[in-house]
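Below is one structure, written out as structure tokens; comments come after it.
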Amino acid sequence: MLHYYKEIERFVHKIIGNKEYVTDIVQETYLKALETNSKTSINNKRAFLYKIAKNLVIDTVRKEKNIKKIVFEEEKYVTPNEEFPEEQILELVKQNMIKEAIETLPSRSKQAFVLHFIKGLDTQQISKSMGISVNATQKHISRATLKIKEYITFQGWDLNE
């Protein structure tokens, strides 16, 4: 499980910019994982670590009123002195996870997905723009959606959360 350490550290750092909190959360993540691993068998250790880290981030932000800044990629969200609502943290994590998933797509599927879901183009417009048939466009969008769902599930997220 230790080979996921840097990956989990980056995940937590993207949400909370404070290095001290990141180190504490990652260490506690591994502590909890080791405690649980000794009691039960874990099939997907990576997803399990992500789930623990996500929950610890939420708990930490609830407890620590001095966490005023949550960093999410290039954007910064500054919060008031009161607690940062759990829903906003989850939304930031989900947005980041979706962006990461989109980056893993093959270029044509990524292009079709972005044009459809982010730019709002219909399949006719996308097929014309990409120089492919409407059927091929639909397949690219469908495959991209499936791959994104698989990526998110693999990261330990329940898509119904």
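We did not get these values from a lab; they are worked out from the coordinates using the rules stated. Remember, it's a predicted structure, so these values are computed and weren't measured experimentally. In this analysis, Cβ positions are derived from the backbone assuming ideal geometry, glycine residues included, and neighbour counts consider all displayed protein chains.
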Completion exercise
Simple SL model, points at 7 angstrom along Cα→Cβ for Arg46 and Met130; separation in nm is 2.5 nm
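Report the gain in length on full extension from Ser142 to Arg62: 0.36 nm times residue separation, minus Cα-Cα distance, nm rounded to one decimal. Walk me through the intermediate numbers first.
Details: separation 80, 0.36 × 80 = 28.80 nm, distance 3.78 nm.
Full extension from Ser142 to Arg62 adds 25.0 nm.
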Problem - Long-range amide H partners of Ile16 with built H, under 5 Å - result: Val71
Problem - Spin-label model distance (nm) - Ser107 vs Glu150, 7 Å beyond Cα toward Cβ - result: 2.1 nm
